[in-house]
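Here's the structure, in structure tokens; my notes come after.
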Amino acid sequence: METKLLTAKEVNEAGKILKNGGLVGIPTETVYGLAANALDGTAVAKIFAAKGRPQDNPLIVHISRLSQLDDLVAFVPSVVYDLADVFWPGPLTIIMEKSGIIPDEVSAGLPTVAIRMPSHPLARKIIDAAGVPLAAPSANTSGKPSPTTADHVMHDMNGKIDAVLDGGPCGVGVESTVITLCTRKPRILRPGRVTPEELEEVLGEVEIDDAVLGKLKDGETAASPGMKYKHYSPNAEVFVIDADTESFRRYVNDAATKNGVSKTAALVFDGEDDGFVCKTLSFGEKDDDCAHAHKLFAALRECDDFGFSSVYVHCPSYDGVGLAVMNRLLRAAEFKVIKL
Ligand code: TXA
Ligand code: MG
């Protein structure tokens, strides 16, 4: 199949493909999504095939206006309107009890459905042009870093999907915050640009699922099935180094000398890139959690473009959006954190 690269002016073409049961890579403010008509189980099944996604990992349904919500869920908890007031459109996904029109392919057999209203204007225009809500996981091959440019989507999906609409680089860079309202207390299953502190201002107390920063134990069930898979991993082996600049540099230089300088990279904060024997990539300012989020996936993909076999990442803070960055980074590194 030829994968068309569409421009921002070709929203209607994207809508037509989606209406006819096809797959389109679409820009959102978080990462690119791989979209299909959420009400068409056959179309949605093609997403799983294109990504190589495990069948038991449910998808997020994207809407462009609040009036679309009623049909998709069994009932709308009143707190959803409070959340929508503050965070929609934007990078927050809310899990609710699903209605009968959600195909099993979307919810992967669960009684719930995840819904979000993206803030990227093109994402909402594409939903409007399709005339239906869109199911869309991140548009990467399953297990790889999520795509934050149309190029990344083409790299993974060329020949497997009908089109990619190029809306430029994504602003946020990590996927939406996922919160479930189907537990006794609202619980964050995946951190994102909307932080626990911001959610607590609307909801009061929120819980953070153990799987956010921890590894699932053998036999444990994931509240969010996406949490149990090896994830966000480039071909290069990722190590997180929790250390001051000096010790970080010494550790990386020793490792690079041992393993091959040309095979090694370091993801470093601005201003600390001097004195490395290997290639350095920018992780932004040390205290800028949004910059770390914006740069992480693109940097991991760049490591594969250069053919590095190891990448050493200077451990950022866990605060604010840092929780989302660490959630992705720990999985990319298969929880290899070296504290010096
Ligand atoms: O920012 C985002 O959320 C992006 C853009 C494209 O919107 N989408 C995205 O989708 O990240 P995906 O499929 O890569 O991640 C969805 C996550 C997975 O961890 C999945 O297991 C979880 O949400 N999820 C979806 N439906 C769920 C449900 N009903 N119950 C629990 N977890 C659910
Ligand atoms: Mg994903």
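Ranking Ser107, Pro121, Ile161 by how far each Cα lies toward the positive end of the dipole of the stretch 48-178 (charges on Cβ) leaves Ile161 at the top.
Taking other C-beta atoms within 10 angstrom as a stand-in for reagent exposure, Asp166, Asp128, Asp244 fall in the order Asp244, Asp128, Asp166, fewest first.
The label point for Glu246 and the one for His155, both projected 7 Å from the Cα toward the Cβ, are 3.6 nm apart. Distance between the modelled labels on Tyr318 and Asp210, one decimal in nanometres: 1.5 nm (7 Å Cα→Cβ projection). Determine which residues of the stretch 66-102 fall in the zone a paramagnetic label at Lys185 would reach in this model, i.e. backbone nitrogen under 19 Å from the point 7 Å along Cα→Cβ. Those under the cut-off are 79-80, 83, 95.
Rank these for me by crowding, Cys182, Cys303, going from fewest to most other beta carbons within 10 Å.
Numbers: Cys182 16, Cys303 23.
Listing Cys182, Cys303 from fewest to most nearby Cβ atoms yields Cys182, Cys303.
Taking every pair of alpha-carbon atoms in the chain, give the share separated by more than 31 Å as a whole percent.
Value for the chain: 31 percent of Cα pairs lie more than 31 Å apart.
Cβ crowding within 10 Å, taken as a proxy for footprinting-reagent exposure, orders Ser67, Ser138, Ser310, Ser262 from fewest neighbours to most as Ser67, Ser262, Ser310, Ser138.
Could you give the dipole magnitude of the chain about its Cα centre, charging the beta-carbon of Lys and Arg +1 and that of Asp and Glu -1, in debye to the nearest 20?
Details: 35 positive and 47 negative charges, 207 e Å.
Approximately 1000 debye in magnitude.
The fraction of Cα-Cα pairs per 5 angstrom bin, counted from 0 for the stretch 17-124, comes to 2, 12, 23, 25, 22, 12, 3, 0 percent, rounded to whole percents. Taking the helices alone, the chain has a mean residue ellipticity at 222 nm of -9000 deg cm²/dmol, built from -39,500 (n - 2.57) per DSSP H run of at least 4 residues and averaged over all its residues. The residue list Phe248, Ile94, Thr42 was ranked by how far each Cα lies along the charge dipole of the chain toward its positive end, using unit charges on Cβ atoms, and Thr42 comes out on top.
Structure remark: mean-square fluctuation, Gaussian network model of the chain, C-alpha springs under 10 Å; the largest value among Phe269, Phe308, Phe75 belongs to Phe75. As a size descriptor, the averaged projected area of the C-alpha convex hull of the stretch 67-188 was calculated at 8.3 nm². Kirkwood radius and radius of gyration were both taken over the C-alpha atoms of the stretch 269-340, and their ratio Rg/Rh is 0.93.
Annotation: extensible slack from Lys339 through Asp128 equals 71.1 nm (criterion: 0.36 nm per residue apart, minus Cα-Cα distance). With both residues required to sit in the chain, DSSP beta bridges show an antiparallel share near 35%.
Cross-link partners of Lys339 among lysines, defined as those whose alpha carbon lies under 24 angstrom from its own and excluding same-chain residues fewer than eight positions apart: Lys215, Lys217, Lys230, Lys258, Lys263, Lys279, Lys286, Lys295.
For Ser317, what charge total do you get from the other residues with a beta carbon under 9 Å from its beta carbon, if Lys and Arg give +1 and Asp and Glu give -1? Charge balance in the 9 Å sphere: -2.
Just so you know, all these numbers are worked out from the coordinates, no wet-lab data involved. Since the model is a prediction, treat every value here as computed from it, not as a measurement. In this analysis, Cβ positions are derived from the backbone assuming ideal geometry, glycine residues included, and neighbour counts consider all displayed protein chains.
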